[in-house]
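The values are calculated or read from the model by the stated rules, or taken from the named source; none is laboratory data. Since we're looking at a predicted model, the values are computed, not measured. Positions of Cβ are generated from backbone atoms using ideal geometry, with glycine treated the same way; all protein chains shown enter the neighbour counts. Note: areas computed on protein heavy atoms with side chains; ligands, DNA, RNA excluded. Shrake-Rupley method; radii C 1.70, N 1.55, O 1.52, S 1.80 Å.
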Amino acid sequence: MNLLIVRCPLKPFAGSLNSSPSKWRDSEHNERFEWALVEDVDFERGAGSELAIKTGIGNIESMPYASEALVLISTLDVRLIEAKVPLTNAKKLQQILPNLIEEHLLGGTESISIQAFPPVAGKSALQRTVALIDRPWFGWLSKQLEGLLCHKVRLIPDCFMLSLDASSSIPPLLAFIR
């Protein structure tokens with residue numbers, strides 16, 4: 001199995017020369033994706049297995065093929081909120097999420113993309129984490145990531161990477177995938 005780990009560039013701050021979505025296409029942002037290809041990942045073999053790692057920086061088209069991709073978006077670009085979310089189907093959930101997070105925002109929800117994470121084991125099923133991201137930036141990233149040569153792509157905030165104690169011989173990025 002091959003795993004491609006991609007770190008997305010930071011969203012340009014409002015007021016900068018390249019802060020509008022139309023300028024992202026023409027700017028160097030699409031050349032700032034950092035990647036690492038971990039080859040021969042075999043979790044069954046355990047910690048003694050050898051890993052081959054290749055790295056690079058560039059656009060999505062310059063990245064190699066992998067069976068899976070883990071894409072890390074900067075925590076600066078995502079706002080995470082703990083909220084009570086009713087148990088309902090996905091379609092109804094997308095309708096009620098803007099009302100649930102409205103009190104946590106200064107502006108409206110029109111320019112924000114909202115996603116609720118699944119309930120965490122050991123916590124109340126109603127208590128969930130909700131992620132908010134700028135809709136134009138998320139759309140631009142999604143469009144860029146369509147070019148990845150992978151069967152499975154997961155996009156997560158980089159703050160969700162697990163830290164392991166020093167006695168563990170599994171690299172932290174691979175522990176998250178496990």
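Couple of notes before you dig in:
- Within segment 1-50, tally of residues that are modelled with pLDDT of 65 or more, part of a loop (DSSP other than H, G, I, E, B) and either open to solvent by less than 60 Å² (accessible area, probe 1.4 Å) or not aliphatic (A, V, I, L, M) (or both): 8
- Considering segment 101-115, and only residues there that are assigned to a loop (DSSP other than H, G, I, E, B) and of a type in the set (S, T, N, Q), the residue that is nearest to the chain's Cα centre (by Cα) turns out to be SER111.
- Any hit, segment 89-99, residues being under 27 Å from ALA66 (Cα atoms), assigned to a helix (DSSP H, G or I) and among the charged types (D, E, K, R): no
- So GLU82, is it touching a strand residue (DSSP E or B) at 6+ places or on another chain (Cβ under 7 Å) and either open to solvent by 40 Å² or more (accessible area, probe 1.4 Å) or modelled with pLDDT under 90 (or both): yes
- Residue check, LYS143 open to solvent by 30 Å² or more (accessible area, probe 1.4 Å), more than 16 Å from ARG79 (Cα to Cα) and either touching a residue at least 60 places away in the same chain (Cβ under 8 Å) or touching a strand residue (DSSP E or B) at 6+ places or on another chain (Cβ under 7 Å) (or both): no
- Matching residues in segment 61-90 - criterion: being farther than 20 Å from MET161 by Cβ and of a type in the set (Asp, Glu): GLU61
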